[in-house]
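The values are calculated or read from the model by the stated rules, or taken from the named source; none is laboratory data. All of these numbers come straight from a predicted model, not from anything done at the bench. Don't worry about glycine lacking a Cβ; one is built from the backbone with ideal geometry, like all the others, and counts go over all protein chains shown.
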């Protein structure tokens, strides 16, 4: 095997560094997709929780057992046959031929060697539950192509690459002050009882949605679908910078299906929205978090694990992406589904630790916006002081996708002045 290939790979592509997983790197190229395809028993072991990924198995057992960990790769042939690969490498899109094939070329149908079989549909969506176009294996090529023909600006192309790599983007100072001020006023009015028909979720007071009570303000709570009652909140969640990025990833008008207004941090453990926020296509949505004031340490800061949107799917009742779909289909639930929910939370932490994903927190300034992928693991830090964390969270999908609330009869669809749409899951 060409020694230059060994030098360029560093760690196995797609395997983020964790000291316990990535120690003792192999002396030959390793390919996660190939290893799992030829070793279905390893896939079963990952599903059972014995291994974090294929490389974890290879390091512990596969190398000693003599398992083949990558297809034969002919770097000289690859560089000669595929001139665009050479151009990509020269432009910095890949470190070398092997890195290019693993991350880019394979999804174009490029072969690793002249005798390799060609996949039937190399760029097909590999995620079991689908996703947005940015989840496609060749999304990076799509960005590069649109940028090259002038359909994407430099800034938008960079944002989309960050979105694909990390599962979120941060839009600093994205909300104009006039939108921010009136939205903050309406949030305060909501938490002063000034919107009698608005419901709140405050689990420390009641398991059911409830009207405002003064005790809510000192506890983690959510004002449910504040946008349904507040024009200022609607204008906030459809602010131009947010709409612009949603247009990039949805390629059509967005539908705001749910919003949550926070006076304080949520203190919620790490979770993935796909377990709870359900649409007719499970992974075709995104969420925004908008800071209405500067966030200080101890105020229940938003936390997230960059890259966690690529974690293996956690499956409920052997089939479903969401807890609610399993419940909707009358799968024997009760304690078993609640236990699965707890297992999901543990799986998120186990995956993050195994992959070396670092928890990051956001000390946002008023007007900053974070938009995240449907499967990004995120939560809120515990509240350690009396500081507030005024903010609004909103879930959006492409307008032609249906929220589960429509099937429950809450299908009042309204249009915002921006050409976006909004509905409610509560009222």
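Please verify whether residue 359 is in contact (Cβ under 8 Å) with a residue 24 or more places away in the chain, in the same structural domain as residue 296 (by TED's automatic domain parsing) and under 15 Å from the mean Cα position of the chain (by Cα), treating the condition exactly as stated. It would help to see each step written out before you state the result.
Details: in contact (Cβ under 8 Å) with a residue 24 or more places away in the chain: yes; in the same structural domain as residue 296 (by TED's automatic domain parsing): yes; under 15 Å from the mean Cα position of the chain (by Cα): yes.
Here the answer is yes, as residue 359 does meet what is asked.
Restricting to region 65-93, and then to whatever is free of Cβ contacts under 8 Å to residues at least 24 places away in the same chain and not in a helix (DSSP H, G or I), can you tell me which residue is farthest from residue 139 (Cα to Cα)?
The residue in question is 66.
Does at least one position in region 354-370 carry a residue that is assigned to a helix (DSSP H, G or I), out of contact with any strand residue (DSSP E or B) (no Cβ under 8 Å at 6 or more places or on another chain) and more than 18 Å from residue 278 (Cα to Cα)? Walk me through how you get there before you give the answer.
Here is the first cut: in region 354-370, the residues assigned to a helix (DSSP H, G or I) are 354-355.
Pick out the ones that are also out of contact with any strand residue (DSSP E or B) (no Cβ under 8 Å at 6 or more places or on another chain) and you get 354-355.
From what is left, the residues that are more than 18 Å from residue 278 (Cα to Cα) are 354-355.
Taking every residue of region 354-370 in turn, at least one turns out to be assigned to a helix (DSSP H, G or I), out of contact with any strand residue (DSSP E or B) (no Cβ under 8 Å at 6 or more places or on another chain) and more than 18 Å from residue 278 (Cα to Cα).
So in region 292-315, with the set limited to residues that are in contact with a strand residue (DSSP E or B) (Cβ under 7 Å, 6 or more places away or on another chain) and outside any loop (DSSP other than H, G, I, E, B), which one is surrounded by the fewest Cβ atoms within 10 Å (Cβ to Cβ)?
303
Just to be sure I understand, how many residues within region 371-401 are assigned to a loop (DSSP other than H, G, I, E, B) and over 25 Å from residue 232 (Cβ atoms)?
If we filter region 371-401 for residues that are assigned to a loop (DSSP other than H, G, I, E, B), which is where we start, we get 374-377, 381-382, 384-390, 399-401.
From what is left, the residues that are over 25 Å from residue 232 (Cβ atoms) are 374-377, 381-382, 384-386, 400-401.
Of the residues in that region, 11 qualify.
Which one of the conditions (1) in contact (Cβ under 8 Å) with a residue 60 or more places away in the chain; (2) within 28 Å of the chain's Cα centre (by Cα); (3) farther than 18 Å from residue 115 by Cβ does residue 96 fail to meet, given that it meets all the rest?
All conditions pass for residue 96, except number (2).
Right, residue 186: touching a strand residue (DSSP E or B) at 6+ places or on another chain (Cβ under 9 Å), crowded, with 19+ Cβ neighbours inside 10 Å and part of a helix (DSSP H, G or I) or not?
On the way: touching a strand residue (DSSP E or B) at 6+ places or on another chain (Cβ under 9 Å): yes; crowded, with 19+ Cβ neighbours inside 10 Å: yes; part of a helix (DSSP H, G or I): yes.
Yes: the conditions hold for residue 186.
Has region 165-172 got at least one residue that is assigned to a loop (DSSP other than H, G, I, E, B) and touching a helix residue (DSSP H, G or I) at 6+ places or on another chain (Cβ under 9 Å)? Even if it seems obvious, please write down each step before you answer.
Residues of region 165-172 that are assigned to a loop (DSSP other than H, G, I, E, B), as a first pass: 167, 172.
Next cut, touching a helix residue (DSSP H, G or I) at 6+ places or on another chain (Cβ under 9 Å) only: 167.
Yes, the conditions are met somewhere in region 165-172.
Kindly indicate the residue of region 14-37 that is at pLDDT below 80 and in a helix (DSSP H, G or I) and also surrounded by the fewest Cβ atoms within 10 Å (Cβ to Cβ) among those meeting that condition.
Per the criteria, the residue is 19.
In this structure, does residue 132 turn out to be closer than 29 Å to residue 233 by Cα, assigned by TED's automatic domain parsing to the domain that holds residue 263, touching a helix residue (DSSP H, G or I) at 6+ places or on another chain (Cβ under 6 Å) and buried (at least 17 other Cβ atoms within 10 Å of the Cβ)? It would help to see each step written out before you state the result.
Values: closer than 29 Å to residue 233 by Cα: yes; assigned by TED's automatic domain parsing to the domain that holds residue 263: no; touching a helix residue (DSSP H, G or I) at 6+ places or on another chain (Cβ under 6 Å): yes; buried (at least 17 other Cβ atoms within 10 Å of the Cβ): yes.
Spelling it out, it is not the case that residue 132 is closer than 29 Å to residue 233 by Cα, assigned by TED's automatic domain parsing to the domain that holds residue 263, touching a helix residue (DSSP H, G or I) at 6+ places or on another chain (Cβ under 6 Å) and buried (at least 17 other Cβ atoms within 10 Å of the Cβ).
Give the residues of region 38-67 that are more than 32 Å from the chain's Cα centre (by Cα) and either modelled with pLDDT of 95 or more or surrounded by 12 or more Cβ atoms within 10 Å (Cβ to Cβ) (or both), sorted by residue number. Give the derivation first.
To start, the set of residues in region 38-67 that are more than 32 Å from the chain's Cα centre (by Cα) comprises 63-67.
Passing the criteria: 63, 67.
Just give me the residues in region 72-93 being buried (at least 16 other Cβ atoms within 10 Å of the Cβ) and within 30 Å of the chain's Cα centre (by Cα), in sequence order.
85, 88, 89, 93, listed by residue number.
Pairs under 6 Å by beta carbon, first residue closer than 13 Å to residue 347 by Cα and not assigned by TED's automatic domain parsing to the domain that holds residue 222 in region 267-279, partner modelled with pLDDT under 95 and outside any helix (DSSP H, G or I), six or more apart or different chains?
Close Cβ pairs (under 6 Å, with a partner that is modelled with pLDDT under 95 and outside any helix (DSSP H, G or I)) do not exist here.
Somewhere in region 212-220, is a residue in the same structural domain as residue 413 (by TED's automatic domain parsing), free of Cβ contacts under 8 Å to residues at least 40 places away in the same chain and part of a loop (DSSP other than H, G, I, E, B)?
yes
Residues checked against (1) touching a strand residue (DSSP E or B) at 6+ places or on another chain (Cβ under 9 Å); (2) in a loop (DSSP other than H, G, I, E, B); (3) over 30 Å from residue 320 (Cβ atoms):
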| position | (1), (2), (3) |
| --- | --- |
| 115 | no, yes, yes |
| 118 | no, yes, yes |
| 121 | no, yes, no |
| 126 | no, yes, no |
| 131 | yes, yes, no |
| 134 | yes, no, no |
| 142 | no, no, no |
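Tell me whether region 304-317 contains one or more residues that are within 30 Å of residue 178 (Cβ to Cβ) and at pLDDT 95 or above. Please lay out each step first, then the result.
Let us first name the residues in region 304-317 that are within 30 Å of residue 178 (Cβ to Cβ), namely 304.
If we keep only those that are at pLDDT 95 or above too, we end up with 304.
Scanning region 304-317 turns up at least one residue that is within 30 Å of residue 178 (Cβ to Cβ) and at pLDDT 95 or above.
Do you know which residues across region 402-416 are exposed (fewer than 12 other Cβ atoms within 10 Å of the Cβ) and in a helix (DSSP H, G or I)?
Across region 402-416, there are no qualifying residues.
Pick out the one residue from 186, 181, 225 that is within 26 Å of the chain's Cα centre (by Cα) and in the same structural domain as residue 393 (by TED's automatic domain parsing). Can you show your working first?
Numbers: 186 fails: within 26 Å of the chain's Cα centre (by Cα); 181 fails: within 26 Å of the chain's Cα centre (by Cα).
So the residue among 186, 181, 225 that is within 26 Å of the chain's Cα centre (by Cα) and in the same structural domain as residue 393 (by TED's automatic domain parsing) is 225.
Scan region 353-378 for residues that are in contact with a helix residue (DSSP H, G or I) (Cβ under 9 Å, 6 or more places away or on another chain), buried (at least 21 other Cβ atoms within 10 Å of the Cβ) and at negative phi and jot them down.
Hits for region 353-378 are 355, 357, 369, 371, 372, 373, 374, 375, 376, 377, 378.
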